[in-house]
Amino acid sequence: MRARIAGVTAYLPERTVTSAEVEARVAAESAGHGFRPLPTIVERMTGIRTRHVMRADQQASDLAVEAARKLLADRGTAPSDLDLLIFGSASQDLIEPATAHIVAAKLGATCPVFDVKNACNSFLNALQIAEALIRTGQHERVLVCSGETPSRAIRWKVRDRAQFVDAFAGYTLSDGGAAMLVEAAPDGGIFYRDFAAVSAAWDIGTLPGGGSMHPRDPEFSYFSGDGRRLKDAFIANGPEIFMTALEKTGLTWDDFAVVAVHQVTQPYLDVLRTILGIPAEKLVVTLPEHGNVASVTLPLQLATAVEEGRCGPGDRVALVGLAGGVSLGVTFAEL
């Protein structure tokens, strides 16, 4: 039995914030230190014009539920028809319990649930697990969902340029939700997957607060990272796993209707596309208008491509994942 992607939907909060507004807020809240970002630096460095910010009364679970409700309604599937729900996200409502429980309660689902967490590859790893459980006959209909809420971990008040650079990754991030229905099928579906990690580079990008290292200090509740080191780690270790996927399947990027690639900044996307030789027309570029939506990025691109008629039943799609940690992943599927 194969695992087939039966449907995918994304949810983006209505409120958007421009890069100019991001810079203005940093300048206003950092005025006491006399720091002000260079004008247009965020958009020039990232290619991001706008990002989404959820309402104050929304949680990570709510973003996942918004996407899941639409997906289930579109598919004519009731929450009671699900036999597993996986919440795959870098964000969470609480340390305990698993956010998947909160999502299921809001949906009215009564199936088993659990969380998967691996930075921006959380959703892709959740899909990996869903496929494995379907192929081994343990489940037949799995809802994989995510709600990313990075807007609540951005440092707005900075002391100086060095702290601004350390916090810069946060200014690329965007809130959003996604849901994917994965079902058992006799053919088609996911036909290749591979994952890799460069765990020695785990400290390149972190959100330290809330864990055993820094359980309560608010100073550690903001994103911290070195974008240049992260980019270098991806370039040094990333191409092999993706090119091997093509070699093992005997395919080229031209054999795919869509190649969804995790998008951090436009310059890095351009570099990665060139290194991997992905034709520009195969990409679904969501970054400029939607920012880096963490693990929601790949399902957002796939949902966008389906909505635009760029892919449909019988088409091959590729999901190329990159995440802090550092981790990499690739999944090929026939819709």
Quiz item: Residues PRO299, PRO279: which one is farther than 18 Å from GLY47 by Cβ and either within 12 Å of the chain's Cα centre (by Cα) or buried (at least 24 other Cβ atoms within 10 Å of the Cβ) (or both)?
Solution: PRO299
Quiz item: Which pairs do you get when a residue that is more than 26 Å from ALA56 (Cα to Cα), found in the stretch 151-170, comes within reach of a residue that is at pLDDT 95 or above and outside any helix (DSSP H, G or I), reach meaning Cβ atoms under 7 angstrom, with the pair 6+ apart or on two chains?
Solution: none
Quiz item: Can you name the condition, by its number, that VAL113 falls short on among (1) touching a Leu at 6+ places or on another chain (Cβ under 8 Å); (2) open to solvent by less than 70 Å² (accessible area, probe 1.4 Å); (3) in contact (Cβ under 8 Å) with a residue 40 or more places away in the chain?
Solution: (3)
Quiz item: Looking at the stretch 91-109, is at least one residue farther than 20 Å from TYR222 by Cα, touching a helix residue (DSSP H, G or I) at 6+ places or on another chain (Cβ under 9 Å), without any contact (Cβ under 8 Å) to a residue 40 or more places away in the chain and of a type in the set (Ser, Thr, Tyr)?
Solution: no
Quiz item: Out of the residues in the stretch 197-213 that are exposed (fewer than 11 other Cβ atoms within 10 Å of the Cβ) and assigned to a helix (DSSP H, G or I), which is farthest from the chain's Cα centre (by Cα)?
Solution: ALA200
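The values are calculated or read from the model by the stated rules, or taken from the named source; none is laboratory data. Remember, it's a predicted structure, so these values are computed and weren't measured experimentally. So basically every Cβ, Gly included, is an ideal-geometry build from the backbone, and we count neighbours across all protein chains shown. These accessible areas exclude ligands, DNA and RNA; they are computed on the full protein's heavy atoms, side chains included. Shrake-Rupley method; radii C 1.70, N 1.55, O 1.52, S 1.80 Å.
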